[in-house]
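S.K.: Take a look at the following structure, please.
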Amino acid sequence: MATISALPKLVETLLAGPRPLPILTAGDPLLRSPAVPYDGQLDGRLWDRLITAMREAMHAAPGVGLAAPQIGVPLRLAVVEDPAQVEQEVARARGRLPLPFRVLVNPSYEPVDAERAAFYEGCLSVPGWQAVVARHARVRLRGQDERGQELDEELAGWPARIVQHETDHLDGMLYLDRAITRSLASARAMEERWTQPTPAAAARALGFELP
């Protein structure tokens, strides 16, 4: 992992390279290392350029979230955005509401209550696969935005899932660490078999339990 003093050079080198930024995949040690808190290590212009490049990479993938370690930058930083362009039945079942673009700096979360929701999810760092993950249905998000304003709010449904997924990346965790492994499905299997709003049919067919 880069030292804190080396971060500006690391980011400058990354931004001078190919675009959209390449995304690290499972097996890279950086994805398994806790990121360091952001505390002004980058000057304003470099910071803004990094955020812009991360948003560009997220859109190009495409995805609804991207954490800095996924592009090789060991900072507690993530970008999220979800237009939620899905069928109404899917949106209702999953609580998938549009999530405007936002930047999460030094985020953390905690559950609001004991309710959990289990759905298939994937990851840009684990391309070609999805698995069911039971996550907190509602969380309290704390942290800062890109300008240092404090965040303290409650999220539910799919936005809560996205925030949990991206924050886990900053702790060196992949979604597969929390997944019901028996639910693991290839992209082809997902497209051909498991497009239903919930994973209930997959649970019956593949033999796993939902919370």
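S.K.: Residues that are in contact (Cβ under 8 Å) with a residue 12 or more places away in the chain and open to solvent by less than 20 Å² (accessible area, probe 1.4 Å): find the helices (runs of 4 or more DSSP H) completely inside segment 1-94 holding 2 or more of those.
M.R.: Of the helices (runs of 4 or more DSSP H) lying wholly inside segment 1-94, those with at least 2 residues that are in contact (Cβ under 8 Å) with a residue 12 or more places away in the chain and open to solvent by less than 20 Å² (accessible area, probe 1.4 Å) span 7-15, 44-60.
S.K.: Next question. Return the total of residues in segment 145-172 being surrounded by fewer than 19 Cβ atoms within 10 Å (Cβ to Cβ), closer than 25 Å to Leu75 by Cα and in contact (Cβ under 8 Å) with a residue 24 or more places away in the chain.
M.R.: Number satisfying all stated conditions: 7.
S.K.: Sticking with this structure for a sec: Mind checking which pairs have a first residue in segment 182-211 that is within 21 Å of Val126 (Cα to Cα) and a second that is exposed (fewer than 13 other Cβ atoms within 10 Å of the Cβ) and at pLDDT 95 or above, Cβ under 6 Å, 6 or more apart or different chains?
M.R.: Taking only residues 6 or more apart or on different chains, the pairs are Ala187/Gly128.
S.K.: Further question: Those residues that are within 17 Å of Tyr120 (Cβ to Cβ) and either among the basic types (Lys, Arg) or touching an Asp or Glu at 6+ places or on another chain (Cβ under 6 Å) (or both), I need them from segment 135-161; list them, please.
M.R.: Within segment 135-161, Arg135, Ala137, Arg161 qualify.
S.K.: Given (1) basic (Lys, Arg); (2) in a loop (DSSP other than H, G, I, E, B); (3) under 19 Å from Gln196 (Cα atoms), identify the lone condition not met by Arg161.
M.R.: Failed condition: (2).
The values are calculated or read from the model by the stated rules, or taken from the named source; none is laboratory data. The model shown is predicted, which means the values in this text are computed figures rather than measured ones. Quick reminder, even Gly has a Cβ in these numbers, built from the backbone with ideal geometry, and neighbours come from all protein chains shown. In case anyone asks, the SASA skips ligands and DNA or RNA and just uses the protein heavy atoms, side chains included. Shrake-Rupley method; radii C 1.70, N 1.55, O 1.52, S 1.80 Å.
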